[in-house]
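Peer 1: So that we are looking at the same thing, I have put the structure below in structure tokens.
What follows draws every value from the coordinates through simple rules; no lab data is involved. This one's a predicted model, so the numbers in the text were calculated from it and none came from an experiment. In this analysis, Cβ positions are derived from the backbone assuming ideal geometry, glycine residues included, and neighbour counts consider all displayed protein chains.
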Ligand SMILES: [Zn+2]
């Protein structure tokens, strides 16, 4: 659906942030070989204040909380703040990081595990430049990541049962049922119908035999899988609407034959009712 510009920017920023976190997760998987625990995406609480840690690395003598930023383009640093070149001030990642650091330190103390912390802000995007960046800030730029992790891998670290206990304790303290922040309101008739590309989310798909081909990114998906994916989206977006061949036919748009949709539904869902009143769950 069409979103107002401010919402579009907001969701775009969230998505970009999320993609940056995933990029760094993958980087850690590939680059980190030392004896350490890696905890991703922790939401913790101390003194009734919630704080989030993108990645936490527990080494035997040191703990690294990472805050990952996926900014791209030119920025500059001035008076403890980061501005985009157009002059727009960004939410200051240094404030975020020092809040995280102080709460995590207190939490570790309360668990009787006062390991020193070495917090870092990772700018994961290779297209990011920060002018006037001071030397004494805990920034890690994309161009420094390989060297930094090479050093981390060479640092002596021997985890013990106590570290395992700490890692498990932090996982148990993770708040997993945090309420979802305001979803946009939407109605069925407001939403554009059609299968979207699995790879690039474009609507520009065409059916070629058994395949769904994206005209934007050339991604190919088996039609049956594309229909199934759309049914799950439909279920997620509209838990109260019934799944019928006609509804899914309308939702998918580009599948001409209703029979094709019916076959996929028959094979993958439980049939409820009979004759003209069939639906699926
Ligand atoms: Zn595509």
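Peer 1: Calculate the spin-label point distance for residue 132 paired with residue 176, positioning each point 7 Å from the Cα along the beta-carbon direction, and give it in nanometres.
Peer 2: Between residue 176 and residue 132, the label points sit 4.6 nm apart.
Peer 1: Write down the radius of gyration of the stretch 188-280 and its Dmax, each obtained from C-alpha positions, in Å.
Peer 2: Every Cα atom of the stretch 188-280 included, Rg and Dmax give 13.0, 41 Å.
Peer 1: With equal scatterers on the alpha carbons only and no solvent term, can you work out the Debye log10 of I(q)/I(0) for the chain at 0.08, 0.11 1/Å?
Peer 2: Normalising to I(0) and taking log10 leaves -0.51, -0.86.
Peer 1: Return the Cα extents of the stretch 228-281 along principal axes one, two and three, sorted largest first, each rounded to a whole Å.
Peer 2: The Cα atoms of the stretch 228-281 stretch 25, 24, 17 Å along the principal axes, largest first.
Peer 1: Still on this structure, I have one more. Quick one: plug the Kirkwood hydrodynamic radius of the stretch 34-159 (C-alpha pairs) into Stokes-Einstein at 4 °C, 1.567 mPa s, and report D in µm²/s.
Peer 2: Calculated translational D: 83 µm²/s.
Peer 1: Sum -39500 (n - 2.57) across every DSSP H segment of at least 4 residues in the chain, then divide by the residue count to get the 222 nm mean residue ellipticity, nearest 500.
Peer 2: Helix-only estimate at 222 nm: -12000 deg cm²/dmol.
Peer 1: Using the Cα atoms of the stretch 98-167 to build a convex hull, what is its mean projected area in square nanometres?
Peer 2: Mean orientational projected area (the stretch 98-167, Cα hull): 6.2 nm².
Peer 1: Same structure again: For the stretch 90-206, build the convex hull from the C-alpha positions and give me its volume per residue in Å³.
Peer 2: Cα convex hull per residue, to the nearest whole number: 246 Å³.
Peer 1: Now for a separate question. Need one number: convex hull volume per residue for the stretch 1-73, Cα atoms only, in Å³.
Peer 2: 143 Å³
Peer 1: Okay, next question. Work out how much length residue 222 to residue 48 would gain on full extension: take 0.36 nm times their residue separation and subtract the Cα-Cα distance, in nm to one decimal.
Peer 2: 57.8 nm
Peer 1: Which order do the peptides 101-108, 2-9 come out in when sorted by mean C-beta neighbours inside 10 angstrom, highest first?
Peer 2: Put in order of decreasing packing, that is 101-108, 2-9.
Peer 1: Another question, then. What does the extension gain come out to for residue 92 and residue 253, with contour length at 0.36 nm per residue minus their alpha carbon separation?
Peer 2: Roughly 53.5 nm would be gained on extension.
Peer 1: Go from 0 up to the bin containing the longest alpha carbon distance in the stretch 159-219, width 10 Å each, and give me the % of pairs per bin.
Peer 2: 17, 20, 18, 18, 20, 7
Peer 1: Report, in degrees rounded to the nearest 10, the 0 to 90 angle that the Cα long axis of helix 93-110 makes with the longest principal axis of the chain.
Peer 2: So the inclination is approximately 70 degrees.
Peer 1: Report, to the nearest 10°, how far helix 5-31 tilts away from the longest principal axis of the Cα atoms in the chain, using its own Cα long axis and a range of 0 to 90°.
Peer 2: Helix 5-31 sits at roughly 60 degrees to that axis.
Peer 1: Arranged by the count of other C-beta atoms within 10 angstrom, fewest first, what order do 245, 129, 100, 50 take?
Peer 2: 50, 129, 245, 100
Peer 1: In addition: Taking the 0 to 90 degree range and rounding to the nearest ten, how far is the long axis of helix 161-173 tilted relative to the main principal axis of the chain, both from C-alpha atoms?
Peer 2: On a 0 to 90 degree scale, this one is about 50.
Peer 1: Also, quick follow-up: Compute the Rg to Rh ratio over the stretch 66-107 from the alpha carbon atoms, using the Kirkwood formula for Rh, and round to two decimal places.
Peer 2: Rounded to two decimals, Rg over Rh is 1.06.
Peer 1: Report the extension gain between residue 110 and residue 79 in nm, rounded to one decimal, defined as 0.36 nm multiplied by the number of residues separating them, less their alpha carbon distance.
Peer 2: Full-extension gain reported as 7.8 nm.
Peer 1: Expressed as a rounded percentage, what relative contact order does the stretch 5-173 have, with Cα pairs under 8 Å and six or more residues apart?
Peer 2: Relative contact order comes out at 27 percent.
Peer 1: What is the spin-label model distance, in nm, from residue 215 to residue 274 if the labels are put 7 Å beyond Cα along the C-beta direction?
Peer 2: 4.5 nm
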